[in-house]
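Here the structure comes first, spelled out in structure tokens, and everything after it is commentary.
What follows draws every value from the coordinates through simple rules; no lab data is involved. Here the structure is a predicted model, which means the values were calculated and not measured. In this analysis, Cβ positions are derived from the backbone assuming ideal geometry, glycine residues included, and neighbour counts consider all displayed protein chains.
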Amino acid sequence: MKRVVSGLAALLVLIALGAGWYVYSKQPTRQGTVELANLQGSVTVRYDDRGVPHIRAENEADLYRALGYVHAQDRLFQMEIMRRLAQGELAEVLGAKLLDTDKLFRTLRIRERAATYAAQMDRQSPHWKALQAYLDGINQYQDNHASPMEFDVLGIPKRPFTAEDTISIAGYLAYSFAAAFRTEPLLTYVRDQLGSDYLEVFDLDWKAKGDLGLTAGDWQDLDAIARLSEQALADNGLPQFEGSNAWAISGNRTKSGKPLLAGDPHIRFSVPSVWYEAHLSAPGFELYGYHNALVPVAFLGHNKAFGWSLTMFQNDDLDLIAEKVNPDNPNQVWYRGQWVDMTSSEQHIAVKGQAPVTLTLRRSPHGPIINDVLGANAGKTPIAMWWAFLDTENPILDGFYQLNRADTLAKARTAAAKVHAPGLNIVWANAKGDIGWWAAAQLPIRPAGANAGFILDGSTPQADKLGFYPFSANPQEENPARGYVVSANAQPVSPTGMQIPGYYNLADRGQQLNAQLSDNQVKWDLDNSQALQLGTTTAYGPRLLAPLLPVLREVVKDPSELKLVEQLATWKGDYPVESIPATVFNQLLYDLTDAAFRPKLGDDMFKTLITTRVIDAALPRLAAAADSPWWNGQRTETVKRAWDKSLAHLKTTFGDDPTQWQWGKAHTLTHGHPLGIKKPLDQIVNVGPFASPGSHEVPNNLSAIIGPAPWPVTYGPSTRRLVDFADAAHALTINPVGQSGVPFDKHYADQAETYIEGGYEQAHFDEEEVQANTRGTLKLLPARPPQQP
């Protein structure tokens, strides 16, 4: 028995040692010396207390090659999974459950556009050379190190990363803005199946029914595609761009006398987080930047001279078009007065554990046919997609390469003009005193009368594009007299007064920021700017409740329930974790939405509705319109049923005592890893849950979908940045999780608690502080030539 016990103990020790060695072999190396081919000189990489690399090289090629190497150390799996998502190759490693997602992304034609784009790039341009050096650094790391743990779990083979992969990810980012996939079918269904009166809550005026000839099967197709486009992003633990705040304040409005820049792009939470911070330094160039997977240029950044942040423009750069099919030839559609053939091609999708699947893709003169994603089950009406990403030159890498070096308004403006898709608001400031904002996108000229909010009729000129407006017509401001610029995804105004179709966010968040920034009695600094970024209040909740409170006071009889009604009446629309009215309001919001919209739309269309931005603006209009057809003549009764249902649900979920219904119990953030959808891996790779302040469309936009409690947070500030150009070397920053994407690494989740508590970290910039906070130094040296025998 003793021998058996001893043997088991020895076996357990060996297993533990093996597991420990396995985990250790996957960790990043942040200390020592590494030889790297193609380097012209040595590169020093100093890692600070958060795991951020500070890279110093003697030339740009070495700088970007080193960036690729260290980025791969921390984020190789993220790079791999992102390129597979964008190119429709997830089923090869994740199995048949991802087949529909792969079909969707193949249908979007991102991989073909990426191949064409990469082939046309100028091989002598600085941004191409930077990209090639960066990719070389990634590939050298991959070739010479153990695969990440996720590669082993999923059986992912190694293969080189290419320029096409980088462009494909840019396509994925552009697609993640594409609210049209969810919104246009929904609004067209309301118009054509319910009638124009039902459009008023969406602030749309349409006097006649549409006549696209769509059948019940076509509507089912469109709704299936809408839900797939949402699930493809939501279910895979991958970032999706959603909103954002950014502002720049002139020196005459700050305590320091220099401009102050603030930004917090709102992106779906994931592990690893979307941004990879890196401090780059070479002769003539220095930048503290925030990089996306497989992208060498920083999408956010600053140095002592200038800096910028981004928000999503939310312009509508994607149209869905219903084609008219020749009854005698199903391969022809009516286009500009004649029947025109559609082209077709086949693609083969590798699927783990089974034979490859063949997907036939068609294209009309308007663009790819998106319902081909459904295969043989698709309805009879081909729905084409026109998308700016496929139809514009879009020199976005060149634009951001220049923006990384843009120390004047003129340079920043020139760089912004090169961003065609996705649409981005670039908010910029410099130490000389300038501030600026440009809505960067190539905006299409649509025919008069064409309403891009609906599916367009491909047999008419409505679906045509007449060219693009010049960049000077885009919304923009430079050094305005009021002393600040602010961008929060609300609909901007063009200097020409032209309408810019889009799926914009509520005005409330921007109005809340603007109300505070416009106060001339306030002098701004890093402290009060933090408070502004972390704000959890807007007027949205009270604005929506105001017309409903008289109804609630009329129908609610129970004294304890009336007490909750009066708490709502005095609620300021704020979302601290201890709030009870916030919990009651959000449950009531869902039950009102469910009671009013689901009976008319049906289950599937209703599920699509609550994923769109149009519902946010529709609900206050619905609450204020007692005669809206969505109430079906029973507004009072509907409000009463929603109230009763809300309280019943909250009691079932959190107990009978309303004092226990705190917002932080109902509203929590878990950072999900792609492997975390499987138990028990979720306990290893996911981070959280954390009780979360904030909510949907408040400045601290920790957002959850409209639904019944509890509310898991889906997206929010992907970083919070504050730069005062009187002391830009002491800018503030935070990562929602950690710098590293390697499980068990000390920087995998070391910022998660600081983030949710509203804390900030300093971005080390000055040499003395970089040196003082260095925790490991990695020297990259030119590889020695092989010795001759």
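Ranked by the mean number of other Cβ atoms within 10 Å of their residues, highest first, the peptides 590-597, 415-422 fall in the order 415-422, 590-597. Counting every pair of alpha carbons in segment 542-606, the share spaced more than 16 Å apart comes to 52 percent. The listed peptides 519-526, 131-138, ordered by packing as a protection proxy, come out as 131-138, 519-526 (highest mean of other Cβ atoms within 10 Å first).
What is the packing order of peptides 742-750, 405-413, taking the mean over residues of other C-beta atoms within 10 Å and listing the highest first? Don't skip to the answer; put the middle values down first.
Working: 742-750: 19.9, 405-413: 18.1.
Output ranking for 742-750, 405-413: 742-750, 405-413.
Solvent-free Debye calculation, one equal scatterer per alpha-carbon of the chain: log10 I(q)/I(0) at 0.04, 0.05, 0.09, 0.10 Å⁻¹ equals -0.17, -0.27, -0.89, -1.10. Sparse packing (at most 15 other Cβ atoms within 10 Å of the Cβ) combined with a DSSP loop state is found for the following GluC sites (Glu not before Pro) in segment 691-762: 757. Note on 280, 108, 534: ascending count of other Cβ atoms within 10 Å places them as 534, 280, 108, the fewest first. For segment 712-789, the pair-distance distribution built from all alpha carbon pairs, in bins 5 Å wide starting at 0, is 3, 12, 15, 18, 19, 11, 7, 6, 4, 3, 2, 1, 0 percent.
Taking a ≥ b ≥ c as the square roots of the Cα gyration tensor eigenvalues, segment 92-164 comes out oblate, since a/c reaches at least 1.5 and a/b does not exceed b/c. Residues whose amide H lies under 5 Å from that of residue 690, counting only those 5 or more places away or on a different chain, are 669, 670; hydrogens are built 1.01 Å from N in the peptide plane. Rounded to the nearest 20 debye, the dipole magnitude of the chain is 800 debye, with +1 charges on Lys and Arg beta carbons, -1 on Asp and Glu beta carbons, and the Cα centre as origin. Dividing the mean sequence gap of close Cα pairs (under 8 Å, 6+ apart) by how many residues the chain holds gives a relative contact order of 18 percent. Karplus-based coupling profile of segment 352-364, in residue order and whole Hz: 4, x, 8, 5, x, 10, 8, 10, 8, 10, 10, 9, 9, with θ = phi - 60° in 6.51 cos²θ - 1.76 cosθ + 1.60 and x standing for Gly or Pro. The phi torsions of segment 537-544, fed into the Karplus equation with coefficients 6.51, -1.76 and 1.60 and a -60° offset, translate into couplings of 10, 9, 7, 4, x, x, 5, 6 Hz, rounded to whole numbers, with Gly and Pro shown as x.
Using the 10 angstrom Cβ neighbour count as an exposure proxy, how do 56, 598 rank, fewest first?
598, 56
For the chain, build the charge dipole from Cβ charges (+1 Lys, Arg; -1 Asp, Glu) around the Cα centre, then report which of 312, 692, 256 sits farthest towards its positive end. About the Cα centre, the residue reaching furthest to the positive side is 692. Computed over segment 498-551, the alpha-carbon pair-distance distribution with 5 angstrom bins reads 4, 14, 18, 18, 15, 14, 11, 5, 1, each value a whole percent.
Shown for the chain are the DSSP H helices of 24 Å or more along their axis, judged by Cα atoms, with a mean Kyte-Doolittle hydropathy of at least 1.0: 2-25.
How much mean residue ellipticity at 222 nm does the chain get from its helices, if each DSSP H run of length 4 or more adds -39500 (n - 2.57) and you divide by all residues, to the nearest 500 deg cm²/dmol? All intermediate terms of the calculation are to be shown ahead of the outcome.
On the way: 25 runs with 285 residues, N = 789.
Helix contribution divided over all residues of the chain: -11000 deg cm²/dmol.
With Cα atoms defining each centre, segment 579-623 and segment 436-453 are spaced 29 Å apart in the structure.
Straight-line cross-link reach from residue 432 at under 20 Å between alpha-carbon atoms covers these aspartates and glutamates, not counting any fewer than eight positions away in the same chain: 286, 407, 477, 478, 525, 724, 727, 766.
Here 432, 679 are placed in order of increasing Cβ neighbour count within 10 Å, fewest first, which gives 679, 432.
Both radii are taken from the alpha-carbon atoms of segment 36-175; with Rh as the Kirkwood radius, Rg/Rh is 1.00. Amide H contacts of residue 748: 740, each under 5 Å away and 5 or more positions distant or on a separate chain (H built 1.01 Å from N in the peptide plane; Pro and chain starts excluded). Which one of 601, 98, 632 has its Cα pushed farthest toward the positive end of the charge dipole of the chain, where Lys and Arg give +1 and Asp and Glu give -1 at the Cβ? Checking the options against the dipole of the chain, the answer is 98.
When the Cα positions of 71, 151, 166 are compared along the charge dipole of segment 36-175, 166 comes out farthest toward the positive end, with charges on each C-beta of Lys, Arg, Asp and Glu.
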